[in-house]
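Take a look at the structure set out below.
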Amino acid sequence: MRDMALETPPDITVSGLSKVFGHGPEAVRAITDANLTLAQGEFLSLLGPSGCGKTTLLRIIAGLESPSAGEVLVRGRPVWPGGRRSAAATRPVSMMFQEARLFPWFTVAENVALPLRTAGVGRRERMERARRICAAVGLERFTDHSPGQLSGGMRQRASLARALVTDPQVLLLDEPFGALDAMTRDTLNMELLEVCARANVTTILVTHSIAEAAFLSDRVAVLASRPARIVETVDIPFARPRSLDLQRSGAFQDMVAGLRHTLTKGAA
Ligand SMILES: Nc1ncnc2c1ncn2[C@@H]1O[C@H](COP(=O)(O)OP(=O)(O)OP(=O)(O)O)[C@@H](O)[C@H]1O
Ligand SMILES: [Mg+2]
């Protein structure tokens with residue numbers, strides 16, 4: 001990854017980014033002077049306590065929230081030039097939210113196809129692409145169901161499919177599988193790794209699970225609150241492709257222990 005970063009310009013650059021909500025004594029510092037660079041195809045996780053600004057950071061990169069200071073570049077383009085969102089800069093970016101946010105009156109495939117409708121793709125093509133991506137995440141038999149007929153895990157798959165349907169170059173995932181049982185989560189994480197590797201997507205994942213961060217990522221940024229900031233970025237050197245067996249190795253458990261230590265140190 002690092003060699004790649006030297007050869008090509010970074011896919012995402014976050015520099016001197018700060019966000020303050022509100023004014024005066026009521027002001028909340030959600031992020032303080034965050035700096036990050038991601039090479040194309042790199043997988044970074046954000047790990048940190050509740051309220052340390054993880055969602056806010058993703059929302060600023062996605063163009064959903066404006067920064068108070070600093071800059072975000074996606075493929076060299078500023079996301080917030082002059083404090084205004086650039087549609088061109090955020091076009092390659094997809095964000096998956098913590099809740100599935102599916103519309104109950106649309107079928108699964110129609111929900112998945114929605115970003116393509118917004119992008120002006122015709123119905124026939126968008127439904128075809130939606131069905132293809134549904135199959136890729138294991139939902140081929142449920143494309144004509146309504147979201148209410150799906151289990152929680154299936155709804156998250158649909159939400160992931162919707163994030164992937166536009167062939168994003170940058171994927172932002174906010175605790176995507178947090179509410180699921182451990183086995184479903186393992187399955188979805190393996191699928192996520194395959195999809196990201198196949199499409200060479202640059203990914204930022206927010207998670208509360210240290211093991212999940214260590215298993216999925218090339219690097220983990222550990223955040224702390226009060227003030228909300230990135231305290232350390234840790235390289236995860238395990239070879240890819242990774243299998244679930246990796247989690248049983250001593251090296252993996254040492255990595256998890258090290259990350260836990262960094263997280264606790266940041267909280268102190
Ligand atoms: N729209 C907003 N208006 C005011 N304060 C906000 C807003 N959004 C977030 N905050 C505050 O900014 C801080 C960071 O919030 P954020 O949602 O980014 O945290 P987080 O790290 O994602 O937390 P969690 O792990 O609980 O999801 C919190 O103190 C929160 O109360
Ligand atoms: Mg959050």
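Worth pointing out:
- For region 81-145 versus region 221-267, the gap between their alpha-carbon centres in whole angstrom: 32 Å
- Charge context of residue 12, other residues only, Cβ under 10 angstrom, K/R +1, D/E -1: -1
- The Stokes-Einstein estimate for region 146-255, based on a Kirkwood radius over Cα pairs and taken at 20 °C with 1.002 mPa s viscosity, is a diffusion coefficient of 141 µm²/s.
- Bridges between two residues of the chain, per DSSP, are antiparallel at a rate of about 55%.
- Largest-first ellipsoid semi-axes for the chain, taking √(5λ) over the Cα gyration tensor eigenvalues, angstrom: 29, 24, 18
- Magnitude of the charge dipole, region 8-84, Cβ model with Lys/Arg +1 and Asp/Glu -1, debye to 20: 140 debye
- For the chain, the 222 nm mean residue ellipticity estimated from helices alone, with every DSSP H stretch of n ≥ 4 adding -39500 (n - 2.57) and the total spread over all residues, rounds to -11000 deg cm²/dmol.
- Here the relative contact order of region 1-157, from alpha carbon pairs under 8 Å that lie six or more residues apart, stands at 18 percent.
- Charge dipole (the chain, unit charges on Cβ, about Cα centre) - positive-most of 136, 258, 87: 87
- The dipole here belongs to region 1-142: it is taken about the Cα centre, uses +1 on the Cβ of Lys and Arg and -1 on the Cβ of Asp and Glu, and is about 580 debye.
- Residues residue 23 and residue 124, FRET efficiency given R0 of 51 Å [Cβ-Cβ distance, rounded to 0.05]: 0.50
- Unit Cα scatterers, Debye sum, region 179-230: log10 I(q)/I(0) for q = 0.27, 0.28, 0.29 Å⁻¹: -1.15, -1.20, -1.24
- Our summary gives the chain a relative contact order of 23 percent, counting only alpha carbon pairs under 8 angstrom and 6 or more residues apart.
Every number here is computed from the coordinates shown, using simple stated rules; none is lab data. Since this is a predicted model, take the numbers as computed values, not measurements. All Cβ positions, even for glycine, are placed from backbone atoms using ideal geometry, and neighbour counts span all protein chains on display.
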